[in-house]
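The values are calculated or read from the model by the stated rules, or taken from the named source; none is laboratory data. Quantities reported herein were computed from a predicted structural model and do not represent experimental measurements. Every residue, glycine among them, receives a Cβ derived from its backbone with ideal geometry; neighbour counts consider all protein chains shown.
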Amino acid sequence: MLLDVAKTLLTSLVSIAVLFLLCRLIGQRQISQMSLFDYVNGIVIGSIAAELATNLEDWHRPLTAMLLYGLAAAAINAATCKSLALRKIFNGRPLVLFEDGKLYKGNLYRAKLDINEFLTQCRVAGYFDLSRLEAVVLETNGQLSFLPLAAERPATPADLQLTPQKETMQTNLILDGRVLTENLKASGRSEAWLTEQLHRQGIGQVREVFLASCDQQGSFTAYRMLDEPVAREIFE
């Protein structure tokens, strides 16, 4: 009994380790970013990993299959990045479902979408009236992309002839009460500057800070460490 438990623990650890390595090899993509092939292949690899964790006698068989599926997926991903023809075979092509006031029934049929489901997706995206849309495209990952009419899209600074200040990414300087020295150095700031910024916000110690960040213009934001749970449930 104890030997079987030990074997199960060992095969489970091997399964987790191999699954982690294959995920890193294949790539980190969300489900919404996956093609149908990627999605199905992920399910198969997960099923084999579960079998590997519990198959104590012939554990090498699911391990071999798991490695084969993972390497095949990685090879196909690499090939599709280089070959347009293979990309079309494995990932498919975007389909135009609606354009210039025309609803393409044939493309809806190819996309396995009925008109009710199509209209539901439009409403979920905020378009209750198709006349507000210029085009709708089904992407290869199954998501619908919407191009609103020029008169319906939000105004941009260019439309208003404005020149807004350039946006820059935030650099995290403190995480969970610890100063990120390398980030602080890369931002061109000193610890004295950081201390001064904290004091301006009424924070005396770094350990009181849960998150602090700044942009290239020196705009500084800090959030205190609040360990107490919030009693109110505003979304009930």
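Consider GLY142 carefully, then state whether it is exposed (fewer than 15 other Cβ atoms within 10 Å of the Cβ) and not β-branched (Val, Ile, Thr). Working first, answer last.
On the way: exposed (fewer than 15 other Cβ atoms within 10 Å of the Cβ): no; not β-branched (Val, Ile, Thr): yes.
It is false that GLY142 is exposed (fewer than 15 other Cβ atoms within 10 Å of the Cβ) and not β-branched (Val, Ile, Thr).
Would you please list the contacts, defined by Cβ atoms under 7 Å and residues six or more apart or on different chains, that run from a residue in the stretch 9-38 that is within 15 Å of ALA50 (Cα to Cα) and hydroxyl-bearing (Ser, Thr, Tyr) to a residue that is assigned to a helix (DSSP H, G or I) and modelled with pLDDT of 65 or more?
Taking only residues 6 or more apart or on different chains, the pairs are THR11/LEU52; THR11/ALA53; SER12/ALA53; SER15/ALA49; SER15/LEU52; SER15/ALA53.
On the basis of being of a type outside the set (Gly, Ala, Ser) and farther than 30 Å from ARG87 by Cβ, does LEU138 make the cut? It would help to see each step written out before you state the result.
Details: of a type outside the set (Gly, Ala, Ser): yes; farther than 30 Å from ARG87 by Cβ: no.
No; evaluated as a whole, the condition is false for this residue.
Kindly indicate whether any position in the stretch 180-191 is more than 33 Å from the chain's Cα centre (by Cα), within 24 Å of ASP227 (Cα to Cα) and assigned to a helix (DSSP H, G or I).
Our first condition is that a residue be more than 33 Å from the chain's Cα centre (by Cα); within the stretch 180-191, this holds for 190-191.
Then drop every residue that is not within 24 Å of ASP227 (Cα to Cα), which leaves none.
Among the residues of the stretch 180-191, not one is more than 33 Å from the chain's Cα centre (by Cα), within 24 Å of ASP227 (Cα to Cα) and assigned to a helix (DSSP H, G or I), which makes the answer no.
Counting just the residues of the stretch 44-61 that are in contact (Cβ under 8 Å) with a residue 40 or more places away in the chain and not small (Gly, Ala, Ser), which one comes out surrounded by the most Cβ atoms within 10 Å (Cβ to Cβ)?
First pass over the stretch 44-61, keeping only residues in contact (Cβ under 8 Å) with a residue 40 or more places away in the chain: 52-56, 59.
Narrowing the set further to residues that are not small (Gly, Ala, Ser) leaves 52, 54-56, 59.
Numbers: LEU52: 24, THR54: 13, ASN55: 18, LEU56: 13, TRP59: 18.
This residue is LEU52.
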